[in-house]
Amino acid sequence: MARRLVSATIVAFAAALMMLPASAQAPVKPEMSKVRLAVGGKSALYYLPLTVTERLGYFKDAGLEVEITDLQGGSKALQALIGGSADVVAGAYDHTIQMQAKNQPLVAVVQLGRFPGFVLALRAGKADAYKGPKDLKGLKIGITAPGSSTHFMALHIMAQNGLSAGDAAFIGVGSGATAVAAIQRGEIDAIVNVDPVIALLDKEKLIKIVADTRTAQGTQDVYGGPYPAAVLYTTPAFAEKNPRTTQGLVTAFVRGLKWVQTHSVEEIARAMPEEYALGDMGVFLQSIKANLPMYSPDGRFTRAGAETAYRVLKAFDPAVHGAKIDLAATYTDAFVEKALAAQR
């Protein structure tokens, strides 16, 4: 029954979209003037499209004041949505599948990242003894936050190699200067994180990279297929009740993604807060250049990506494994297609 209700809700707000004007140049007034958006680790390049969209004023162009709350990791942002202190989340697509398994449906409305950009690395002092994933057993692994997609990557690699979640200790270190400090101080043995943290640690020879999803091939090697990364998700009820607000958010993000595709690395860096470079602008520029292929060119989802995420999650998450998941209810391209049509 719950699955049928989710599908019916998606059909309802897709139908509501047909009533919206096609022109992005003359948007209708959104139902809400202020939207609360939660994100876990905004300074990470994983969320670059969010910061670009915000700082270029595209949310304001859509008639929206977006209040962004930056939390330690994606699981914290998810909790904010479920707890009612956020309306939407910029976070991992994974959570739409996991929450459906718990009968708390979420729907992703625009894809920001085509692959995750996560890197598993060993602290230099531990790297020599590492021969393969089985050697993760007994290690202290730094992740952005427990229950976040960096955590899921480590769990996936461990599960693929006969290890269980209890075979390692997971420590939340965030995705900025705190993550760098955790390696520098020897507080963790390994880390799963993103650029610019990984690029900076690598430059300083503080880590040895052993798994890398910053490229399409690396993602294929780790996950066995395409894997959606950052998305904007919300509850189906919110999207149904606020189709114009949701459309405004998606249209702004699609504009931001297009801007990233059509501007230089230097221009993108200038659009970001200087502190996001973690004190090394050279590494920051290199990181942006290396991560550009990660960002979606248009915001669309793929069925293949959703299927890969489902296969990966059900291998180590008992709730997902035991649930019947309707993947079609975890994402929709309806808002994206409307935004793209308006740009033509």
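The table below lists the values:
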{"item": "Residue pairs meeting the criteria (Cβ under 8 Å; at least 6 apart or on separate chains; first within 11 Å of ALA306 (Cβ to Cβ), in segment 86-101; second of a type in the set (S, T, N, Q))", "result": "TYR93/GLN111; TYR93/THR330; ASP94/SER149; THR96/THR330; ILE97/THR330"}
{"item": "Selected residue [over 23 Å from VAL222 (Cα atoms) and either modelled with pLDDT of 95 or more or not hydroxyl-bearing (Ser, Thr, Tyr) (or both)] from ALA309, ALA323", "result": "ALA323"}
{"item": "Positions within segment 120-153 being touching a residue at least 24 places away in the same chain (Cβ under 8 Å) and more than 22 Å from GLY218 (Cα to Cα), in sequence order", "result": "GLY125, LYS126, LYS137, GLY138, LEU139, LYS140, ALA145, PRO146, GLY147"}
{"item": "Hits in segment 312-340 - residues which are open to solvent by less than 10 Å² (accessible area, probe 1.4 Å) and of a type in the set (Ser, Thr, Tyr)", "result": "THR330"}
{"item": "LEU200 touching an Asp or Glu at 6+ places or on another chain (Cβ under 9 Å), farther than 30 Å from LEU81 by Cα and not acidic (Asp, Glu)", "result": "yes"}
{"item": "Residue match in segment 82-103 (condition: assigned to a loop (DSSP other than H, G, I, E, B), at pLDDT below 95 and either farther than 30 Å from ALA323 by Cβ or open to solvent by less than 10 Å² (accessible area, probe 1.4 Å) (or both))", "result": "no"}
{"item": "Odd one out for ALA168, checked against (1) open to solvent by less than 20 Å² (accessible area, probe 1.4 Å); (2) under 16 Å from GLY40 (Cβ atoms); (3) not polar (S, T, N, Q)", "result": "(2)"}
{"item": "Cβ pairs under 8 Å, 6+ apart, first in segment 239-259 and within 11 Å of THR53 (Cβ to Cβ) and modelled with pLDDT of 95 or more, second among the polar types (S, T, N, Q) and surrounded by fewer than 24 Cβ atoms within 10 Å (Cβ to Cβ)", "result": "VAL254/GLN343; ARG255/GLN343; LYS258/GLN343"}
{"item": "Cross-chain or 6+ apart pairs with Cβ under 8 Å, segment 59-80 first and more than 13 Å from HIS95 (Cα to Cα) and among the acidic types (Asp, Glu), then open to solvent by 20 Å² or more (accessible area, probe 1.4 Å) and in a helix (DSSP H, G or I)", "result": "ASP61/ARG255"}
{"item": "LYS76 vs. criteria open to solvent by 20 Å² or more (accessible area, probe 1.4 Å), within 22 Å of LEU278 (Cβ to Cβ) and touching a strand residue (DSSP E or B) at 6+ places or on another chain (Cβ under 6 Å)", "result": "yes"}
{"item": "Of the criteria (1) in a helix (DSSP H, G or I); (2) buried (at least 20 other Cβ atoms within 10 Å of the Cβ), which one ILE141 fails", "result": "(1)"}
{"item": "Qualifying residue in segment 212-223 (condition: of a type in the set (A, V, I, L, M, F, W, C) and either touching a strand residue (DSSP E or B) at 6+ places or on another chain (Cβ under 7 Å) or closer than 26 Å to PRO30 by Cα (or both))", "result": "yes"}
{"item": "Residues of segment 262-290 satisfying the condition of being of a type in the set (S, T, N, Q) and open to solvent by less than 90 Å² (accessible area, probe 1.4 Å)", "result": "SER264, SER287"}
{"item": "Residue within segment 112-131 that is open to solvent by 20 Å² or more (accessible area, probe 1.4 Å), of a type in the set (A, V, I, L, M) and within 17 Å of VAL35 (Cβ to Cβ) present", "result": "no"}
{"item": "Some residue of segment 292-311 being open to solvent by 10 Å² or more (accessible area, probe 1.4 Å) and free of Cβ contacts under 8 Å to residues at least 12 places away in the same chain", "result": "no"}
{"item": "Members of segment 268-292 found to be farther than 21 Å from ARG55 by Cα and under 18 Å from the mean Cα position of the chain (by Cα), listed by number", "result": "ALA290"}
{"item": "Helices (runs of 4 or more DSSP H) fully within segment 190-258 counting 2 or more residues that are open to solvent by less than 10 Å² (accessible area, probe 1.4 Å) and out of contact with any Pro (no Cβ under 9 Å at 6 or more places or on another chain)", "result": "197-203"}
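The values are calculated or read from the model by the stated rules, or taken from the named source; none is laboratory data. Given the structure is predicted, the values throughout are model-derived calculations rather than measurements. As a convention, Cβ positions derive from the backbone with ideal geometry for all residues, glycine included, and neighbour counts pool all protein chains shown. With ligands, DNA and RNA removed, areas are computed over all heavy atoms of the protein, side chains included. Shrake-Rupley method; radii C 1.70, N 1.55, O 1.52, S 1.80 Å.
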